[in-house]
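Remarks on the structure that follows.
The values are calculated or read from the model by the stated rules, or taken from the named source; none is laboratory data. What you see is a predicted model; the values in this text were computed from it and never measured. Backbone-built Cβ (ideal geometry, glycine too); neighbour counts: all protein chains shown. Heavy atoms of the whole protein, side chains included, go into the accessibility calculation; ligands, DNA and RNA do not. Shrake-Rupley method; radii C 1.70, N 1.55, O 1.52, S 1.80 Å.
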Amino acid sequence: MDGTDRTSGEAEAGAATVWGGREYERIRAFLDSEQRATPYLVTDPAIAADRFRRIGDAFPGARVYYAVKANPERAVLEELADLGASFDVASPAEVRACLAAGAPASALCYGSTIKKPADIGFAHELGVRLFAFDSPGELDKIARNAPGASVFCRLLVDNAGAQWPLGRKFGCSPETAVEILDEGRRRGLRPVGVSFHVGSQQLDPCSWDRGIQLAAQTFRASARRGLRLELLNLGGGFPARYTAPVPPIEHYADRVHDSLRRHFGGRVPALMLEPGRSVTAEAGVIRSQVVLVTHRAHGDGRRWVYLDIGRFGGLAETEGEAIRYPLVTGHDGRPAGPVVIAGPTCDSADVLYDTAGYRLPLSLADGDHVDILSAGAYTATYASSGFNGFPPLRTYTLERPVAPHASTPRQRYAAP
Ligand SMILES: Cc1ncc(COP(=O)(O)O)c(C=O)c1O
């Protein structure tokens, strides 16, 4: 038994069906149009706009802040700004990018809980008025550098079920949240609510329940101190389709609305979302090239396929084989076999998939293209600036489509 079969596995076959659909016609045409140096990422703002609309439709009345860190390409930000999106930013550069794309400062939220004083001051100077925090030290910085700003406190929640968990790096307990929100009021800030993040690529739609429960507890304890909170930020975490199918966004919205009713009763607060991956991952494809196919001396007979992109070139989320990108080659459908897939650099950590069970066509050879699907989020911005002398990942964005949403009112997705 040599492990050979005629497809690259069920998941890859499913991805090929998605890839063959009309939605990707524009990206396929771009890839086919001329030979560009690989690797590169091409993003279609129209697909990002579609995903953004679906999220807004699933959560009517919620204000949707696109998490810019996922993909900050100018055309993507412009497309979303025209749709009335708000933006979650993490740095002065992201503040500038959103303003340059036409978003008003009032549509920005500085959602990172770890900020330099000067960066807070910079954002405040430009008109940003909503800031996140989860510690007394961060609150002190906001009070000094963004006087009078609105603030929300991030709660720590379990990230089980997330393929890219955010760990215990952020968030505090409800008890601490009440204390420091109240301290914010004493320092002249406007405490408006709480947030939490269930971890990125969260596959369990029920995961928001615990955070909503903790938020309701925080709201009630704050009210007992005369602090009326009004905003619940449900974070990001909604998944994109990689090799395995994921539940639709409507399924997540149903579970979230159930939890809101259960924990908040008839007094559901204003909702805010911060999706990143679920807006732009499926909007991007990385074209890469095979550099070498070989066997290794102490190997198990599997081929090693080395691409011209790896862990340091933008595929950081293959760490722990967590995010499993669908791969498409020009040989798909021909006999395939198991492979180890690696990047081109000298670092032994630059192995993308060893245990994930990837299979690639036996005829795949040096110089062939491998297209990495659902690669529009958390890729180009992760790429190193020159490890081993390889340049950062090149990016292209397709032209924005001729305003299919021209009749969409700009504030459609803003809070009532
Ligand atoms: C504060 C904050 N909001 C939103 C996001 C976006 O999360 P996702 O891409 O899982 O939707 C992140 C991701 O790290 C984040 O840190």
**Message:** Please list, in order, the residues from segment 293-307 whose amide nitrogen is less than 12 Å from a point placed 7 Å along the Cα→Cβ vector of residue 354.
**Reply:** 299-300
**Fill in**
For the chain, the dipole about the Cα centre with charges only on Cβ (Lys and Arg +1, Asp and Glu -1), to the nearest 20 debye, works out at 1560 debye
**Request:** Take the Cβ-Cβ distance between residue 291 and residue 106 as r, set R0 to 45 Å, and report the resulting FRET efficiency rounded to the nearest 0.05.
**Result:** 0.40
**Asked** Roughly what angle does helix 174-186 make with the longest principal axis of the chain, taking Cα atoms, 0 to 90 degrees, to the nearest 10?
**Response** 60 degrees
**Message:** Just to check I understand the Karplus step: with θ = phi - 60° and J = 6.51 cos²θ - 1.76 cosθ + 1.60, what whole-Hz values come out for segment 242-249, glycine and proline as x?
**Reply:** 10, 6, 9, x, 10, x, x, 4
**Message:** Quick check: Cα centre of segment 60-136 to Cα centre of segment 362-398, how many Å?
**Reply:** 27 Å
**Prompt:** Which of the listed residues, 148, 72, 259, is farthest toward the dipole's positive end in segment 46-280, when Lys, Arg count +1 and Asp, Glu count -1 at the beta-carbon?
**Reply:** 148
**Message:** Can you tell me how segment 46-280 classifies by the Cα gyration tensor, rounded, prolate or oblate, using a/c under 1.5 as the rounded cut?
**Reply:** oblate
**Message:** As I understand it, the value is the acute angle between the Cα axis of helix 136-145 and the longest principal axis of the Cα atoms of the chain; what does it come to in degrees, rounded to 10?
**Reply:** 80 degrees
**Asked** Sequence-distant or interchain residues sharing an amide H contact under 5 Å with residue 66, placed H: which?
**Response** 86, 87, 88
**Prompt:** For residue 169 and residue 144 in the same chain, what is the full-extension length gain: residue separation times 0.36 nm, less their Cα-Cα distance, in nm?
**Reply:** 6.6 nm
**Complete:** Rounded to one decimal in nm, the spacing of the 7 Å Cα→Cβ label points at residue 223 and residue 186 is 2.4 nm
**Request:** Obtain the nm distance between the two label points defined at residue 96 and residue 399 by a simple spin-label model: each point lies 7 Å from its Cα along the Cα-to-C-beta direction.
**Result:** 2.9 nm
**Fill in**
Whole-Hz Karplus couplings 3J(HN,Hα) for segment 90-107, θ = phi - 60° and coefficients 6.51, -1.76, 1.60, Gly and Pro as x, run 10, 6, x, 4, 6, 4, 4, 4, 5, 5, 5, 7, x, 7, x, 4, 5, 9
**Alpha-carbon centroids, segment 224-284 and segment 297-321: separation in whole Å** = 34 Å
**Message:** Checking the cross-link filter: which aspartates and glutamates have an alpha carbon closer than 15 Å to that of residue 116, excluding same-chain neighbours under 8 positions apart?
**Reply:** 94, 125, 134, 138, 140
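Tell me, in nm to one decimal, what length is gained between residue 18 and residue 206 on full extension, where the rule is 0.36 nm per residue of separation less the Cα-Cα distance?
Contour length minus Cα-Cα distance gives 65.0 nm.
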**Request:** Using Cα positions and a limit of under 16 Å, work out the lysines in reach of residue 169, with same-chain residues fewer than 8 apart set aside.
**Result:** 115
**Message:** Out of the total accessible area of the chain (probe 1.4 Å, heavy atoms of protein only), what percent is carbon and sulfur?
**Reply:** 52 percent
**Request:** Classify segment 84-175 as rounded, prolate or oblate, taking a ≥ b ≥ c as the square roots of the eigenvalues of its Cα gyration tensor: rounded when a/c is under 1.5, otherwise prolate if a/b is larger than b/c and oblate if not.
**Result:** oblate
**Asked** So what is the relative contact order for the chain, in percent, with contacts set as C-alpha pairs under 8 Å and at least six apart?
**Response** 23 percent
**Complete:** CD proxy, 222 nm, the chain: helix-only mean residue ellipticity via -39,500 (n - 2.57) per DSSP H run with n ≥ 4, per residue, nearest 500, stands at -8500 deg cm²/dmol
**Selection from 194, 166, 84 lying farthest towards where the dipole of the chain points positive, charges on Cβ** = 194
**Message:** If I fit a long axis through the Cα atoms of helix 208-224 and take the longest principal axis of the Cα atoms of the chain, what angle between them do I get, 0 to 90°, rounded to 10?
**Reply:** 10 degrees
